[in-house]
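Engineer: If you scroll down you'll find the structure; I have some questions about it.
The values are calculated or read from the model by the stated rules, or taken from the named source; none is laboratory data. The model shown is predicted, which means the values in this text are computed figures rather than measured ones. All Cβ positions, even for glycine, are placed from backbone atoms using ideal geometry, and neighbour counts span all protein chains on display.
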Amino acid sequence: MAGGRNEVGGSSASSSSNRGVYATTKCSCGLDAVARTVRKGPNIGSQFYGYPKWPDTQCNFLKWIDRKNGDDLRFQMFEMESRITELEMQKKMLEEKVQQMKTESAQLRIEGIRIALEQNIFSKSIIHLDQNIPH
């Protein structure tokens, strides 16, 4: 426990949101730790590194992010890089959706032209039949 903060580990006193893997910090099991922010309890807003598979684990690895030695800046950079990656993925999905909509629009235009041609042929056929029927 550092800086007077309460233990987080596997307790329900604090919850956190996953922020991603921070490659230079390893948990007790040797896996890359995950950077998180406490969302409830007395340590709300505090940032820490924890076990990547939490809460499905017996590993209670926790390392508070020390704002004095630059961890805070690295954490903020990591958060920004994660956000950029999320936005790039979102952009790609939207671009794919736009392309799909363009394809569907072209197909609808072709179908509309086909229907218009069929109606035109049908109308000419009715006129032709009408002219051949004695009145």
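Engineer: When you check residue 111 against the structure, is it assigned to a helix (DSSP H, G or I), without any contact (Cβ under 8 Å) to a residue 12 or more places away in the chain, more than 25 Å from the chain's Cα centre (by Cα) and at negative phi, yes or no?
Structural biologist: So residue 111 passes the test.
Engineer: Cβ-Cβ distance below 6 Å, separation of 6 or more or different chains: which pairs start in region 38-56 with a residue that is of a type in the set (Lys, Arg) and end on one that is in a loop (DSSP other than H, G, I, E, B) and at pLDDT below 75?
Structural biologist: 39/15; 40/14; 40/15
Engineer: If you don't mind, another one. Within region 75-92, can you find the residues that are in contact with a strand residue (DSSP E or B) (Cβ under 8 Å, 6 or more places away or on another chain) and either β-branched (Val, Ile, Thr) or free of Cβ contacts under 8 Å to residues at least 40 places away in the same chain (or both)?
Structural biologist: none
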